[in-house]
Amino acid sequence: MNHYETVFILNPVLSETQIEETVKKFEDFLIKNGAKMVSKEDWGLKKLAYPIQHKKSGFYHLFEFTAPGEAIGPYELEFRRDERVMRFLTVKLDKHAIAWAEKRRTKLKANA
């Protein structure tokens, strides 16, 4: 099982219900394919560095999870098929990135 992190940007015209539905869809897809969720973060509506699909903002979300390598291909294919997703990026974390992510999570919990 490898450790991964995915950041994705959802279209800013979506309602709160549609956003929750989309996030749940991708979370369920991962779990169905043998992944274990480590962390989920909703970063909210943020301004984009450059326009994407003529939009200047988007709803950012972060998933951190462990999954078998075979699950990533179909997972990213789902992102490409969903028109609510403007951009996504999945990266495999090494031991240093895992430690940094853990440190970031504990810092966020301390601030909350």
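None of the figures in this text is laboratory data; all of them are computed from the coordinates on show. In this text the structure is predicted, and so the values were computed from the model without any measurement. Virtual Cβ from ideal backbone geometry, glycine too; neighbours counted across all protein chains shown.
Which numbered condition in (1) outside any strand (DSSP E or B); (2) in contact (Cβ under 8 Å) with a residue 60 or more places away in the chain; (3) under 14 Å from Val7 (Cα atoms) is the only one that Ile98 fails? It fails just one condition, (3).
Residue count for the range 42-95 under the criterion of being in contact with a Gly (Cβ under 8 Å, 6 or more places away or on another chain) and closer than 12 Å to Glu5 by Cα: the result is 1. Any residue at all in the range 58-79 that is on the phi > 0 side of the Ramachandran plot, within 15 Å of the chain's Cα centre (by Cα) and free of Cβ contacts under 8 Å to residues at least 24 places away in the same chain? No, the range 58-79 contains no residue that is on the phi > 0 side of the Ramachandran plot, within 15 Å of the chain's Cα centre (by Cα) and free of Cβ contacts under 8 Å to residues at least 24 places away in the same chain.
Taken over the range 1-51, the residue count meeting the criterion of being part of a strand (DSSP E or B), of a type in the set (A, V, I, L, M, F, W, C) and surrounded by fewer than 15 Cβ atoms within 10 Å (Cβ to Cβ) is 4. Here Thr90 meets the list (1) of a type outside the set (A, V, I, L, M, F, W, C); (2) surrounded by fewer than 16 Cβ atoms within 10 Å (Cβ to Cβ); (3) in a strand (DSSP E or B) almost entirely, failing just condition (2). Only one residue in Gly34, Gly44 is over 17 Å from Asp82 (Cβ atoms), in contact with a helix residue (DSSP H, G or I) (Cβ under 8 Å, 6 or more places away or on another chain) and not β-branched (Val, Ile, Thr). Which one? Exactly one of Gly34, Gly44 is over 17 Å from Asp82 (Cβ atoms), in contact with a helix residue (DSSP H, G or I) (Cβ under 8 Å, 6 or more places away or on another chain) and not β-branched (Val, Ile, Thr), namely Gly34.
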